């Protein structure tokens, strides 16, 4: 009786070990397909965070190097996440460009104001730009102005 139970136990354990090994050989031979990778929707780039997309690209590369992904799955996922990364980088570049344009407009406006102030002069006490030529007192500190041009 113990021999029968022992043989039964050996067959069960052998089956549990052997089935996954047989399945991995079938997967390498191309008989098994990846379940639904082609149908899985890719997250949209505007809603996806930059770090998450680049982290996923690294994970895909790592899984492929560790032979956890087939060549087809690797290409599919790499293409999908690469497109998302490019979209995110283009969006960041556009935002940066618009921010730089805004800074340039502000600098130009400040330069125009300083050119106008240079024509009227500066207070000798506080350095404030004078509003008009010929002012007797500074509008900011109230200090008496020396004889300005005018």
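On the stretch given as the stretch 89-140, residues that are modelled with pLDDT of 90 or more and assigned to a loop (DSSP other than H, G, I, E, B) total 0. Residues in the stretch 68-86 that are out of contact with any helix residue (DSSP H, G or I) (no Cβ under 9 Å at 6 or more places or on another chain) and either exposed (fewer than 15 other Cβ atoms within 10 Å of the Cβ) or in contact (Cβ under 8 Å) with a residue 40 or more places away in the chain (or both): 72, 75, 79, 83, 86.
The values are calculated or read from the model by the stated rules, or taken from the named source; none is laboratory data. If you're wondering where the values come from, they're calculated on a predicted model, not measured in any experiment. We place every Cβ from the backbone using ideal geometry, glycine too, and count neighbours over all the protein chains shown.
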